[in-house]
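The values are calculated or read from the model by the stated rules, or taken from the named source; none is laboratory data. Fair warning: this is a prediction, and the values are worked out from it, not measured in the lab. Counting neighbours? That spans all protein chains shown, and the Cβs are built from the backbone with ideal geometry, glycine included.
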Amino acid sequence: SNAGLPHDLDIDVSRLKLLKANHLSQRYALEDQILKEFPQKIKSLEQRIEGYRADIDQRKRNTEPNEDGFSPMFMPGGTVREKKAAGDAILGLCKSMTSPNPISIGQYRGFDMELSFDTFSREYKITLIHQLRHTVTLGTDIFGNIQRLDNTLGAFEERMAACAEQLENTRVQLENAKAEVHKPFSQEEELKAKSERLNELNAMLNLDKRENEIVDGERADEEPSRSSDDRER
């Protein structure tokens, strides 16, 4: 076999060095996830869950339905107790808007309501605000819009459960990354042995000085560094 020839060994060593460089860059990516990405995600999910908990509590304490199942809506013109009147009032406020900027239009089931116009999608939206912000896209139907507000308020438990599941998954990913990050390069021994053998062969064959410099140069350059022409681009 020609396995002993410098050329074949050279190719092997180059391939192993490339694999090691990949291993290192994966390790850096994992370290980044462990130190920054996952903890940030965990923190933001915990805050959302906390927010949903507070908002569910707020909704429960402020839902007082009449015989039609409608809770009063507190609006600039006074308290609206009929679903139809509330739906009418919302459409009226949409029509009278002079700028897309959010305006406060009252309170519903314990949540401040902010009306805005999305110039991109050309839709009116109400954002329900307590600890979190929940945005509802409005349609043109009087009862439909009240239904959309109620649907959003009713979806908190489900959304909180989805966040809890995501939180659990992220914690598992973090643990996996911590286990993975310490794994050594699996072919370290092979790289070491073949590099040494290559050096011996090169010395024996007494290759000219320039080729020795190239091999040495490659070995010194294990940590990938940005070349100067990269920076100028």
Test Asp112 against the stated conditions and say whether it is of a type outside the set (Phe, Trp, Tyr), under 36 Å from the mean Cα position of the chain (by Cα), at pLDDT 95 or above and over 17 Å from Leu149 (Cβ atoms). no
Criterion first (over 26 Å from Leu167 (Cβ atoms), hydrophobic (A, V, I, L, M, F, W, C), surrounded by 14 or more Cβ atoms within 10 Å (Cβ to Cβ) and in the same structural domain as Gly144 (by TED's automatic domain parsing)) does Ile129 satisfy it? no
If we keep only residues of region 75-120 that are part of a helix (DSSP H, G or I) and of a type in the set (Lys, Arg), then the residue farthest from Tyr52 (Cα to Cα) is Lys95
Test each condition in (1) surrounded by fewer than 16 Cβ atoms within 10 Å (Cβ to Cβ); (2) within 30 Å of Leu174 (Cα to Cα); (3) among the acidic types (Asp, Glu) for Glu67 and report the one that comes out false. (2)
As an exercise: evaluate Gly69 against (1) assigned to a helix (DSSP H, G or I); (2) closer than 28 Å to Met160 by Cβ and give the number of the one condition it does not meet. (1)
Would region 11-20 turn up any residue that is without any contact (Cβ under 8 Å) to a residue 24 or more places away in the chain, among the hydrophobic types (A, V, I, L, M, F, W, C), in a helix (DSSP H, G or I) and over 30 Å from Tyr108 (Cα atoms)? yes
Scanning region 177-191 residue by residue, the ones that are surrounded by 12 or more Cβ atoms within 10 Å (Cβ to Cβ) and assigned to a helix (DSSP H, G or I) total 7
Considering only region 75-85, I want to know if a residue exists there that is of a type in the set (Val, Ile, Thr), surrounded by 10 or more Cβ atoms within 10 Å (Cβ to Cβ), in contact with a Phe, Trp or Tyr (Cβ under 9 Å, 6 or more places away or on another chain) and modelled with pLDDT of 95 or more. yes
Flagged in region 104-148 as over 22 Å from Glu82 (Cα atoms) and of a type in the set (Lys, Arg), in numbering order, are Arg122, Arg133
Within region 149-168, identify whether any single residue is out of contact with any strand residue (DSSP E or B) (no Cβ under 8 Å at 6 or more places or on another chain), closer than 30 Å to Pro100 by Cα and not in a helix (DSSP H, G or I), and answer yes or no. yes
Consider region 37-70. How many of its residues are touching a His at 6+ places or on another chain (Cβ under 7 Å) and among the hydrophobic types (A, V, I, L, M, F, W, C)? 1
Count, please, the residues in region 70-88 that happen to be in contact with a helix residue (DSSP H, G or I) (Cβ under 8 Å, 6 or more places away or on another chain) and either free of Cβ contacts under 8 Å to residues at least 40 places away in the same chain or within 16 Å of Phe111 (Cα to Cα) (or both). 6
